[in-house]
1. For the range 48-75, what are the residues that are within 14 Å of the chain's Cα centre (by Cα) and open to solvent by less than 20 Å² (accessible area, probe 1.4 Å)?
2. So for the range 107-119 (the condition being open to solvent by 30 Å² or more (accessible area, probe 1.4 Å), over 14 Å from GLU15 (Cβ atoms) and at pLDDT 90 or above), does at least one residue qualify?
3. Could you list, in sequence order, the residues of the range 40-76 that are hydroxyl-bearing (Ser, Thr, Tyr) and either part of a strand (DSSP E or B) or touching an Asp or Glu at 6+ places or on another chain (Cβ under 7 Å) (or both)?
4. Considering ILE104, ILE95, ILE87, ILE79, which residue is modelled with pLDDT of 90 or more and part of a strand (DSSP E or B)?
5. Mind checking which residues of the range 22-39 are of a type outside the set (Ser, Thr, Tyr) and either at positive phi or in a helix (DSSP H, G or I) (or both)?
6. In contact with a helix residue (DSSP H, G or I) (Cβ under 8 Å, 6 or more places away or on another chain), under 20 Å from GLU23 (Cα atoms) and acidic (Asp, Glu): is that true of GLU55 in this structure?
7. Mind listing whichever residues of the range 76-105 are out of contact with any Phe, Trp or Tyr (no Cβ under 6 Å at 6 or more places or on another chain) and of a type in the set (S, T, N, Q)?
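The values are calculated or read from the model by the stated rules, or taken from the named source; none is laboratory data. Since the structure is predicted, the reported quantities are computational estimates derived from the model, not experimental observations. For neighbour counting, all protein chains shown are included, and Cβ atoms are generated from backbone atoms with ideal geometry for every residue, glycine included. SASA here: full protein model, heavy atoms, side chains in, ligands and nucleic acids out. Shrake-Rupley method; radii C 1.70, N 1.55, O 1.52, S 1.80 Å.
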Amino acid sequence: MGRRKNNRQTGALYEQAAGAYLESLGYQILEYNYRCRYGEIDIIAKDKEYLVFCEVKFRTDLSAGRPEEAVDMRKQRVISKCALHYITVHGLSYIPCRFDVAGILGNRKEETAFFSIKLYKNAFDYRE
């Protein structure tokens, strides 16, 4: 149980870092960790005319592949269903949407944290 909480705290730290990075690019953050019965979306934001659903993935090194590679077809389907739910609940079907992925590579030590963020705009299309 402790490990899961620690992973959640670490995830929140990097999601906040990704959010700050997106804001520096002009995005307006609408929500962090949007949850519905289909799953979760890390960040929902506006980028100009687009409603953006952004998945954040973190890796300490490349031994398991690049962070963004973890957003596989299954994860894309979950994010797509969550996005459709969000759009429906909030009556936003008229707004163009896209799916971005923020890949973060770095260490986990909060006191000496260093990392790099790479943003992939329009990283994947809606998946059924």
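1. Matches in the range 48-75: LEU51, VAL52, PHE53, CYS54, GLU55, VAL56, PRO67, VAL71.
2. Within the range 107-119, one or more residues are open to solvent by 30 Å² or more (accessible area, probe 1.4 Å), over 14 Å from GLU15 (Cβ atoms) and at pLDDT 90 or above.
3. If the condition is that a residue be hydroxyl-bearing (Ser, Thr, Tyr) and either part of a strand (DSSP E or B) or touching an Asp or Glu at 6+ places or on another chain (Cβ under 7 Å) (or both), then TYR50 is the only one that fits.
4. Testing whether each residue is modelled with pLDDT of 90 or more and part of a strand (DSSP E or B) leaves just ILE104.
5. Of the residues in the range 22-39, the ones of a type outside the set (Ser, Thr, Tyr) are 22-23, 25-26, 28-31, 33, 35-37, 39.
Matches in the range 22-39: LEU22, GLU23, GLY26, ASN33, GLY39.
6. Values: in contact with a helix residue (DSSP H, G or I) (Cβ under 8 Å, 6 or more places away or on another chain): yes; under 20 Å from GLU23 (Cα atoms): yes; acidic (Asp, Glu): yes.
Answer is yes for this residue.
7. Of everything in the range 76-105, those that are out of contact with any Phe, Trp or Tyr (no Cβ under 6 Å at 6 or more places or on another chain) and of a type in the set (S, T, N, Q) turn out to be THR88, SER93.
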